[in-house]
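Everything below concerns the one structure shown next.
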Amino acid sequence: MLTFRRALAVAAVILTCFLVLRNTHTSYSEAPLVHNSPKPTGSYHDNKVIQDTPPEPASTGMGTGTGTESAKPASTGAAWNGDNGGRVALAKKPLTQLPMEDLKALPIRKQLSYAFPYDAEGKFPAYIWQTWKYTPASGEFSETFRPAEASWTGLHPAFVHEVITDEIAGHLVKHFYATVPEVVEAYNSLPIPVMKADFFRYLILLARGGIYSDIDTTALKSAVEWVPAEVPRSTYGLVIGIEADPDRPDWHEWYSRRIQFCQWTIQSKPGHPILVDVVATITEETLRRKKAGELDQKHIKSVVEFTGPAVWTDAIFKFFNNAEYFDMSTSKGNITFQQFTGIKQAKKVGDVVVLPITSFSPGVGQMGAGEDDDPMAFVKHAFEGTWKPENERHIGA
């Protein structure tokens, strides 16, 4: 007799097998994306220090280079700024096959890059990933979330749309990261569900790519409309949005960063370097705290800093100013919050497209965000945050 528990187990096995067989990666090759590049004026160890710098007036372009190009807005009304942030991508070195014992001796970032090679010119996988305690097929799935969850399938009928439970997430992490057991250990060691939920979104996007979006988000437009069609998909591999742009002197009392990128909705190709970095950072910090006996709620002061939008934002700015990925020989300085504050249209830095606050936070009534019917409004976030403590939820000052 097929019991409910057996049915769940069978479903877990089928889903894992499907995901393993579904996606394959090709080797990475990338041509230069822009014509010039700023050079960092100093090391970028602490993003908060740079974000404390008084802001400059917002501009429509990056203002860091002379070799820029503009693309016309798509017919959907999406606004676009063709300035690539003055970043010239360096050619990626060919991937060399390594024996397992040599691979294990490498730093975690190198292991992850090897396990999940980044193909910037490849396609965005047609996946939509969401996580929750129950799947929509369960009678315990909240009716509050059903319209939002259905909106993603409705606007993306050709996509594989999965709502992953905590149990299934654990199985997927164990499978995808079997060759990097430190990652599996870190995931299993995180003490509270919200931290695992944060970590899982980076892990699933690094391994398989596609779109991750929180269960309380509603898709307003298809992802194919987020970036104008005139911009070749082979020139970018990550699409992110601004969560917070608090142009006020006391911003640090409300947010962790002067510009804070949201991680409730992210689109990526597998293996993107920013995902490699954030996964490695969380893994290393988790294992360090575990060894020191500090991996508990008493010692973890902020989920936002540990696994949330703060560490995500830092990884993005670190990438923007990393000489390992960009030619910095003609740089005029670091890319900081100043290049993004007040933007009303998308900007591209290297292979990363940054959407304005309206795109993933329409209707919040602050920080210059437009309404739900704005042409740049793509995803509506309900800010339910029911699994988070009050001080970790969105601030509506």
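The values are calculated or read from the model by the stated rules, or taken from the named source; none is laboratory data. Keep in mind the model is a prediction, meaning the values are calculated, not measured. Don't worry about glycine lacking a Cβ; one is built from the backbone with ideal geometry, like all the others, and counts go over all protein chains shown. All accessible areas refer to the heavy atoms of the entire protein, side chains included, with ligands and DNA or RNA removed. Shrake-Rupley method; radii C 1.70, N 1.55, O 1.52, S 1.80 Å.
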What number of residues within the range 173-183 satisfy the criterion of being assigned to a helix (DSSP H, G or I) and either without any contact (Cβ under 8 Å) to a residue 24 or more places away in the chain or surrounded by fewer than 14 Cβ atoms within 10 Å (Cβ to Cβ) (or both)?
2
Output for the range 263-281, where each listed residue is over 9 Å from the mean Cα position of the chain (by Cα) and of a type in the set (Gly, Ala, Ser):
Gly271, Ala280
Given (1) part of a helix (DSSP H, G or I); (2) open to solvent by 30 Å² or more (accessible area, probe 1.4 Å); (3) touching a residue at least 24 places away in the same chain (Cβ under 8 Å); (4) of a type outside the set (A, V, I, L, M, F, W, C), where does Glu101 come up short, assuming only one miss?
(3)
Which ones in the range 234-259 are closer than 18 Å to Phe319 by Cα and open to solvent by less than 10 Å² (accessible area, probe 1.4 Å)?
Tyr236, Gly237, Leu238, Val239, Ile240, Gly241, Ile242, Arg257, Arg258, Ile259
For a quick check of your reading of the model, give me the residue pairs whose first member lies in the range 355-376 and is over 19 Å from Ile266 (Cβ atoms), whose second is open to solvent by 40 Å² or more (accessible area, probe 1.4 Å) and assigned to a loop (DSSP other than H, G, I, E, B), with beta-carbon atoms closer than 6 Å and at least 6 apart or on different chains.
Gly363/Glu371; Gly363/Asp372
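The rows are residues; the columns are (1) outside any helix (DSSP H, G or I); (2) not charged (D, E, K, R).
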{"site": "Ser138", "(1), (2)": "yes, yes"}
{"site": "His171", "(1), (2)": "no, yes"}
{"site": "Leu203", "(1), (2)": "no, yes"}
{"site": "Val227", "(1), (2)": "yes, yes"}
{"site": "Ser234", "(1), (2)": "no, yes"}
{"site": "Glu243", "(1), (2)": "yes, no"}
Determine, yes or no, whether Val239 is among the β-branched types (Val, Ile, Thr), in a strand (DSSP E or B) and in contact (Cβ under 8 Å) with a residue 60 or more places away in the chain.
yes
For the range 191-217, how many residues meet the condition of being charged (D, E, K, R) and within 11 Å of the chain's Cα centre (by Cα)?
2
How many residues are open to solvent by 30 Å² or more (accessible area, probe 1.4 Å), within 19 Å of Leu205 (Cα to Cα) and outside any helix (DSSP H, G or I) when one looks only at the range 147-162?
4
Checklist (1) free of Cβ contacts under 8 Å to residues at least 40 places away in the same chain; (2) more than 18 Å from Asp119 (Cα to Cα) applied to Pro232, failing item
(2)
Which of the strands (runs of 3 or more DSSP E) contained wholly in the range 328-383 include at least 3 residues that are surrounded by fewer than 23 Cβ atoms within 10 Å (Cβ to Cβ)?
none
Note: among Ala169, Ala178, just one is at pLDDT 95 or above, small (Gly, Ala, Ser) and within 19 Å of Phe145 (Cβ to Cβ), namely Ala169
Checking Thr218 against (1) part of a helix (DSSP H, G or I); (2) open to solvent by 10 Å² or more (accessible area, probe 1.4 Å), which single condition isn't satisfied?
(1)
Looking at (1) open to solvent by less than 30 Å² (accessible area, probe 1.4 Å); (2) modelled with pLDDT under 95; (3) in a helix (DSSP H, G or I), which one does Thr144 not meet, given that it meets all the others?
(1)
Between residues in the range 133-158 that are in contact (Cβ under 8 Å) with a residue 40 or more places away in the chain and residues that are part of a helix (DSSP H, G or I) and open to solvent by 80 Å² or more (accessible area, probe 1.4 Å), which pairs lie under 9 Å by C-beta distance while being six or more apart or on different chains?
His156/Val224
Of everything in the range 184-201, what is surrounded by fewer than 20 Cβ atoms within 10 Å (Cβ to Cβ), among the aliphatic types (A, V, I, L, M) and assigned to a loop (DSSP other than H, G, I, E, B)? Give them in sequence order.
Ile192
